[in-house]
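The values are calculated or read from the model by the stated rules, or taken from the named source; none is laboratory data. All figures in this text were calculated on a predicted structure; none of them were measured in a lab. Cβ sites come from the backbone with ideal geometry, for glycine too, and all protein chains shown count toward neighbours. Accessible surface is based on the protein model in full, side chains and every heavy atom, while ligands, DNA and RNA are left aside. Shrake-Rupley method; radii C 1.70, N 1.55, O 1.52, S 1.80 Å.
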Amino acid sequence: MSHVIPEDDAAPGGTGTQGRTTALISWILYALTLPSGGLTAVIGVIIAYATRSRATGLSRSHVNSQIRLFWSGLVWAALFSIAWVVSALLAQFYVGVILIFVVWAALLLLAVWFTVKGILGAVALSGGREP
């Protein structure tokens with residue numbers, strides 16, 4: 001017996017609730033990124049990818065947003081990390097000392113931003129709103 005999803009539930013703005021619990025779990029894991037040093041974000045994106053095909057409607061929109069948020073955060077973290085290494089090399093010549101702290105603060109701000117996005121995503125999903 002196959003399960004047929006009505007058209008309005010399959011649309012991104014539909015009312016489908018398939019995958020809502022796992023989407024909420026992923027948002028909570030994203031919200032715990034700062035205290036875990038990023039480990040929970042990796043677990044959250046794995047869950048998002050694993051449940052993406054089964055999520056419908058609003059939940060699918062949240063899962064897609066979680067995946068997009070993870071990859072954009074990872075790209076920014078990689079860029080800031082490269083900048084930190086360059087500034088650490090420049091610090092040997094007393095040029096990049098201040099830049100080390102600026103890039104470290106940017107990495108911290110990125111982690112805070114990711115955590116806040118996780119909290120706001122969970123609140124939006126709980127309230128039945130788009131991410």
Problem set entry | Listed residues Ser26, Ile43, Gly73: farthest to the positive end of the dipole of the chain (Cβ charges) | Ile43
Problem set entry | the chain, accessible area per residue, ligands and nucleic acids excluded (1.4 Å, Å²) | 61
Problem set entry | Whole-percent carbon and sulfur share, accessible surface of the chain, 1.4 Å | 74
Problem set entry | Spin-label model distance (nm) - Thr21 vs Ser53, 7 Å beyond Cα toward Cβ | 2.1
For this session: Choose one of Ile82, Val63, Gly118: the residue whose Cα lies farthest towards the positive end of the charge dipole of the chain (beta-carbon charges +1 Lys, Arg; -1 Asp, Glu; about the Cα centre).
Result: Ile82
Exercise. Of the listed peptides 63-69, 35-41, what is their order by residue-averaged count of other C-beta atoms within 10 Å, with the highest listed first?
Worked result: 63-69, 35-41
Exercise. Can you run phi through the Karplus equation (6.51, -1.76, 1.60; θ = phi - 60°) for segment 116-130 and list ³J(HN,Hα) in whole Hz, with x for Gly and Pro?
Worked result: 5, 4, x, 5, 5, x, 5, 5, 5, 5, 5, x, x, 10, 5
Exercise. Once Rh is set to the Kirkwood radius over Cα pairs, what Stokes-Einstein translational diffusion coefficient, in µm²/s, holds for segment 57-114 at a temperature of 4 °C and a viscosity of 1.567 mPa s?
Worked result: 102
For this session: Please give, to one decimal in nm, the separation of the simple spin-label points placed at Val97 and Val116, each 7 Å out from Cα toward the Cβ.
Result: 3.1
Seminar exercise, completed: The whole-number value in µm²/s of the Stokes-Einstein translational diffusion coefficient for the chain, with Rh from the Kirkwood sum over alpha carbon pairs at 4 °C and 1.567 mPa s, is 81
Seminar exercise, completed: For 25-32, 111-118, 47-54, ranked highest to lowest by mean beta-carbon neighbours within 10 Å, the order is 25-32, 111-118, 47-54
